[in-house]
1. Quick one: grab Rg to one decimal and Dmax as a whole number for segment A:57-216, Cα atoms only, in Å.
2. Tally Lys and Arg at +1 and Asp and Glu at -1 over the other residues with C-beta under 15 Å from the C-beta of B:Thr335: what net charge comes out?
3. Would you mind checking the pairs A:Lys266/A:Lys315; A:Lys266/A:Lys561; A:Lys188/B:Lys36; B:Lys128/B:Lys160 and listing those with alpha carbons more than 28 angstrom apart?
4. In the neighborhood of B:Asn212, defined by Cβ-to-Cβ distances under 14 Å, what is the net charge if each Lys or Arg adds +1 and each Asp or Glu adds -1?
5. Quick check: net charge around B:Pro154, other residues with Cβ under 14 Å of its Cβ, Lys/Arg +1 and Asp/Glu -1?
6. For peptide B:321-332, how many partner chain Cβ atoms fall within 10 Å of a residue's Cβ, on average?
7. Short version: which residues of segment A:446-490 lose at least 20 Å² of accessible area, all chains versus chain alone, 1.4 Å probe?
8. What residues of segment A:217-254 lose no less than 10 Å² of accessible area with every protein chain in place versus their chain by itself (probe 1.4 Å, heavy atoms only)?
Amino acid sequence: MVRPLERLLILVLFFSACQSPEPQKGGDGTVRVHKTSEPAGLNPITSTGSEALEIQNCLFQKLLDHHLYTEELVPVLAEEVPEPEILNDSTIRLTYRIREEARWDNGDPIRAKDVAFTIKAALSPGIDAQVKKGYLSIIRAIERSEDDPKKIAFVCDRYIRALYSTGAELAILPAHVYDPEGAISSLKLRTIREDPDSIKKREGYKEMRDRLNAKGIAPEDHPKGSGPYRLQKWVAKEKLVLERKKDHWTQKLDTTPNPYFTAHPKRILHLIIPDKTSALKALKKEKLDVIDHLSADRFGSLKNSKSIEEHFHYKVAPQLGYSYLTLRMDDPILQDRSVRKALACLVPKERIRSDLTGGHGKFLVGPVHPSKERYYHDALSPYRFDLEKAQKLLDRAGWKDRNGDGIREKQIQGEPKKLSLSFLYNAGSETRKKVGVLLKENSKKAGIRIKLEPAEWSIYSQMLEKGNFQVAIGGFAFSNAPQDPRQLFHSSASDGGSNYAGFGSARTDSLIDSLRVTLDPEERKSYWYALQEAIHQEVPMIFLQTAVNRLAINKRFGEVKSSRILPGFWAPGLRDTSWAEP
Amino acid sequence: MLRYILQRLLLFVPTFFGISVFVFFLSEQVPGDPVKMQLKGGDPAQGMNSPQQRISDQAYREMRQRMGWDVPPFYFSISDGTIPDTLHRIPDPKKRERVQRLAWEYGTWEQVQAFMKARDRLLQKLKKGTSGKKNDEKIEAKRTLYSFFSPPTPEKISQKLQDLRRILNKGHLWNDHSASFQALEGAFHAMVQNRCEWKRYLPAFHWHGSENRYHNWFFGDRPWFGTSDADKEYAGYGVIRGDLGHSFFQGRPVGKILWDAFSYTFLFGSIAILLIYGGSLLIGVYTSVGRHPLKEGPQTLLLLLYSMPEFWIGTLLITLLADPDLLNLFPAAYTLMEIPEGAPWWQQGLIHLQHMILPLFCFTYGSLAYVSRQLKGGMLDAFRSDHMRSAIARGIPRGSRIWKHALKNALLPIITVFGTLLPYLLSGSVIIESIFSIPGLGRTTYQALMARDYPVIFSMLLFSSLLTMIGTLLSDILYAWADPRIAYRKKEKG
């Protein structure tokens, strides 16, 4: 007779016996990366999500890219970063030459016609490249040289992002794969822009359109590029398998100036596990090598785990982004600058940073990231929690608690108004909710009532865009391109753009317009300083802190440098110390 | 019986159609613009927006057309009398909403249109001059124009027009913009003079014909007979001809997406059904026969579990049983399954089993507790009935009494449960599938809902309603088998 306890013991032993064999720790040249969701598509001109970017960087190459650690632009497909040639007041020319050794998988050299094809394809009708189209709108003409098939020049608007838009925005696609019939290869850029309907009738157009719009899950739709990896398998909602190409052209190059040329792992697996608890367990079992975007709590609890400590490095990679509160400036209550300033003094930034976000972010004064030292206005100091100052500001502005209910009132346009505001956040974000609760508590002490208002993500975004809010919390993530403040702070972006607050005066508008076209760094600095001062004075937004990305990376890769460029590490650059030298 | 089944199957058709219409109407009420979501992306997981270039009206129009969102939703629409049948032709949802508000306020469509045009013209004129001389008044004027619609009552707008006049004068903009401003003022007065509020209270019926989203989705717009026009872009063959359309976000045929996901859900669902019914037969019968204090053990345990939610038990199981620091018995995620090449079948089976035990447990424990409880009650009732006593009297052996006579009578309540259990298990569970990362139907539906991926949502809802219909039909048939007194045809007179 076997007693229940013994029965349980036997069961336990049975299952421990049939545990699948320990993963051969990297002996097979594989890196396993965790993802919470899969990309919505992999074609570099039609997909928009951030998940796609990381994989695209392995599959495709651009003319230029940002160096992972110095963040300067470095040549990838191009021989060098071009100097802009100033044609006149409003236009410049950028000339690129593609590297001799750059090749497609079939051995054909990468040529100017491929670059021209990629840009024209993104601008063609029926291609889902609406976001890219915006970036490419500055290109006025493409010039190709008769005698050098590797040379290409762009005539474009004099714009601070010209180098980025022409070189580092689009990954180059092989024209012979996506448009073998040559539907758009002979067309001029102007024809595509001015007469899009004529293209739809051209032979091969429909096939090209379908190839470009395909999201890439089915094997026949797998994206094809010049990067060191190819997509070997995509199992929907499960994993994406990237396989290193044999004898890739970058292998002969020196990788020191350009980390994008490194490709150590034979395979990179992107494993999709939506639940973070399960993913962390898998990490503990070393079934995953890298996990990113950990929340502050999870990151904290990881650090307490012995078995993880033993095998993993923790990294906090700063990111080019920040969180903010935005204040709707045409609201009857908030149009008073003193109220906005008072609110800025009521946000307990220090507590938010240490209690809610692990103390990893940095405070900032305005829209310039503190890491961009040249333009960051460090003579200004960010608003800090100061109850007395807030109360003084409100008193002076005529907001007083006359009926003793703890909430201030004031006559606005002849009507008595209570100092009561709503705080919009996206439902499901615990951290943002807690920020709201903290603000609510602090504001109460100063006589302001705050009502929390959660909304599901798509509704939240809509409310922000329509300006249907008083105070809202949000975050912005930026790319490494020179920042263009137009979308966030120009008055024209207040109806449909990302200027949710409705900020902008003639002076700031002209500062922003100058910033867009001034290439000289010193001159730019003075404009940026003036803009930051204006924003600091007007308080359209309260800047909370910079964003960070918390990662855990297996120690078998040695000391890994983290990067500000998402996802914070470069998977093809990870190299297990036990792997043979390439 | 056969005739009854046939009748029921025929009834499926109108029910299915009715559900499709109902689902479609519900979706119309959901806020969120799928076209914008498709264009903008954004990252709800991190709560970050990237300040992108503004999406041009043309890009929006193009995408809207590609998604088939540029036609009216249904064959007809009923609205208040102020809304014309051409409202859907305005692509920008923001503008559509503004025009709708104005129309509701003033009632005359032509005048409202003229007013909007005059406003847009002035706005354009003000915008054009941005690069030249600029002043704060220009921005102030634009802002006033933006704020016309909250709310667009005659008093508010006339106040705003006065403000605007003052601003234009102050900023020395009057000379350049007086014509446009006066046109706007004129349009406003015409709108106020022709105001007919009564139209709001009058229903209006608009007929849109077969060029609508529902028709394209359900019946398809490709011709049924003959060849299709090679140059025309079709929406598809329609659900009724087996074409569920393409997912907005994955670009793949919906049928394929659901089929891939279904294979996982079916695997777990069918095993779970077997376990639930097999398990509850054993537990139900075991606990109902004889009296022993320990007999209540399994049921008590199950009921205890039954009162705890799946997401909690699931997370708890993973935390306790899949952690190298505690008990490392099970893998953490189904998708991490790696089967070594050339492994013999039994090893493959073991690896599968090991990955399936925890999710299967979560799938079954609740229903198992419920069904076995039902069965136990049924069994106890049956034991007390007259025919059991007569069976004892007739000397029928104990085993046969329990398994043949009592059980068949006790089955009725659990057959009822079957009708609801089938759709529940086969349409997947969002929570369990997410925790154990099983790429099944539940997760697919959840993602589609979050992304407003309507082709996937519609198909999924139709699929689960179909399952519910099949489930109830099956349980009806099983009733007849279990209890011959239940007959599904009219009693013949006699």
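The values are calculated or read from the model by the stated rules, or taken from the named source; none is laboratory data. All figures in this text were calculated on a predicted structure; none of them were measured in a lab. Here the Cβ is made from the backbone with ideal geometry for all residues, glycine too, and neighbour counts use every protein chain on show. Only protein heavy atoms, including side chains, enter the accessible area calculation; ligands, DNA and RNA are left aside. Shrake-Rupley method; radii C 1.70, N 1.55, O 1.52, S 1.80 Å.
1. Just the Cα atoms of segment A:57-216 yield Rg and Dmax of 15.3, 47 Å.
2. Taking every other residue near B:Thr335 into account, the sum is +4.
3. A:Lys188/B:Lys36
4. Within the 14 Å Cβ shell, the charges total -3.
5. Net charge around B:Pro154: 0.
6. 6
7. Residues meeting the cut-off: A:Glu456, A:Trp457, A:Ser458, A:Ile459, A:Gln462, A:Glu465, A:Lys466, A:Gly475, A:Phe476, A:Ala477, A:Gln487.
8. Residues shielded by partner chains are A:Ile217, A:Ala218, A:Ala236, A:Lys237, A:Glu238, A:Lys239.
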